[in-house]
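Trainee: For reference, the structure I am asking about is given below.
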Amino acid sequence: MVLASAIDTTQALAGAVERAKASVVQVRVGRGGVGTGIIWPASRAAGQSSLILTNAHVVMFAGDVDIVTADGRIFGAALLASDGMLDLALLSVNAALPAAEVGDSQRLRVGELAFAIGNPWGQANVVTAGVISGLGRLPQSMRNLPYIRTDVRLAPGNSGGPLLNAGGQVIGINAMILGGDLGIAIPSHIADAWLAERLGRAPAR
C-alpha cells in the first residue's frame, strides 16, 4: 500500500508538470540564443494575440525574437516592455496559446517541492526538481523585492522559465543562478503585478 501510494503521488506530480509544459515556450534571439518564456493567463491582447513573460536579460539587445511552442510551432514575437532592474520582459505573439495556471507565491513555505521547466543549453523542455530553500530579499538587485531561492538545478537557457509547485502552478520566474548552485526566481505575484501595471488592469492576486 505504501509503494502504491508513492507511485500514485509520483504519477500525479508527473501529470501536473506535463500539463504545465503546454504553456512554456522557447525564446530564440539573435544568433542561436535561447531562453524560456511563460504564456501568462488573463493576458490576451486584442484579437488572437497572447502575452508571454520572460527575463529582460534574455531579450536584451535582441533584434528579432521568435518563440517556439511545446508542440513545435514558431511565431515571431514583439517586445512590448522590458524592466532590467526587475529582470522581466513582456512579449506579444499573434496566436491564441494555452496560458499557464498561476499559484499563490505569497503563501510559499521553505521545504515545499518545486520544479523548473526550461531549455538549458538549448535542450527543449527539460524538467528539474528540488525544494524551496529560502524566501527573502536581494538588497542589491530586483529593487529589494521578495525572491524565491531553490536548489532546483538551472543552467543557461532556463532563464525566464517557470518555477512550479507540486500542482504544476507557476509560483515564480527563474531569473539567475546564485553561488553556482542555487536558483533565484521572481515570485509570480510580483511578475503579475508588473504585467498588470503595463496592461492597466488589476493584478490577478
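The values are calculated or read from the model by the stated rules, or taken from the named source; none is laboratory data. Being a predicted model, the structure only gives us computed values, none of them experimental. Quick reminder, even Gly has a Cβ in these numbers, built from the backbone with ideal geometry, and neighbours come from all protein chains shown. Surface areas here come from the heavy atoms of the whole protein model, side chains and all, with no ligands, DNA or RNA. Shrake-Rupley method; radii C 1.70, N 1.55, O 1.52, S 1.80 Å.
Trainee: On the principal axes of its Cα set, how long, how wide and how thick is the range 2-123? Give whole Å, largest value first.
Mentor: 54, 31, 31
Trainee: Turning to a different aspect of this structure: Roughly how many debye, to the nearest 20, is the charge dipole of the chain about its Cα centre, given +1 on each Lys and Arg Cβ, -1 on each Asp and Glu Cβ, and no other charges?
Mentor: 220
Trainee: Leaving out ligands, DNA and RNA, and with a 1.4 Å probe, what % of the accessible surface on the chain is carbon or sulfur?
Mentor: Here it works out to 54 percent.
Trainee: Keeping all protein chains in position, work out how much accessible area residue 110 exposes to a 1.4 Å probe, and write it in Å² to the nearest 10.
Mentor: The accessible area comes out at roughly 100 Å².
Trainee: Kindly express, to the nearest 10 degrees and within the range 0 to 90, the angle between helix 188-199's C-alpha long axis and the longest C-alpha principal axis of the chain.
Mentor: 20
Trainee: Next up: Roughly what would the spin-label model give for residue 94 and residue 22, points 7 Å off Cα along C-beta, in nm?
Mentor: Using points 7 Å along Cα→Cβ, the separation is 2.5 nm.
Trainee: Hey, what's the range 51-205 come to in accessible area per residue, 1.4 Å probe, Å²?
Mentor: For the range 51-205, the per-residue accessible area is 45 Å².
Trainee: Ok, one more. Using the basic label-point model (7 angstrom from Cα toward the beta carbon), what is the residue 129 to residue 101 distance in nanometres?
Mentor: 1.8
Trainee: Around residue 32, with a cut-off of 15 angstrom between Cβ atoms, what is the net charge of the other residues, counting Lys and Arg +1 and Asp and Glu -1? The partial results should precede the final answer.
Mentor: Values: positive: 28, 31; negative: 64, 66.
Charge balance in the 15 Å sphere: 0.
Trainee: Next up: Ordering 115, 75, 61 by how much accessible area each has at a 1.4 Å probe, largest first, what is the list?
Mentor: Ranked list, largest accessible area first: 61, 75, 115.
Trainee: Summing +1 for each Lys or Arg and -1 for each Asp or Glu, what net charge is found among the other residues whose Cβ lies under 14 Å from the Cβ of residue 118?
Mentor: Within the 14 Å Cβ shell, the charges total +3.
Trainee: Let me ask something else. Going by accessible area, probe 1.4 Å, with all protein chains left in place, what is the ranking of 145, 108, 113, largest first?
Mentor: I get 113, 145, 108, largest accessible area first.
Trainee: Of the listed values [x] 17.8, 56; [y] 15.2, 44; [z] 16.0, 56, identify the label whose number matches Rg and Dmax of the Cα atoms in Å calculated from this model.
Mentor: [z]
Trainee: As I understand it, the value is the acute angle between the Cα axis of helix 2-21 and the longest principal axis of the Cα atoms of the chain; what does it come to in degrees, rounded to 10?
Mentor: With both axes taken from Cα atoms, the answer is about 0 degrees.
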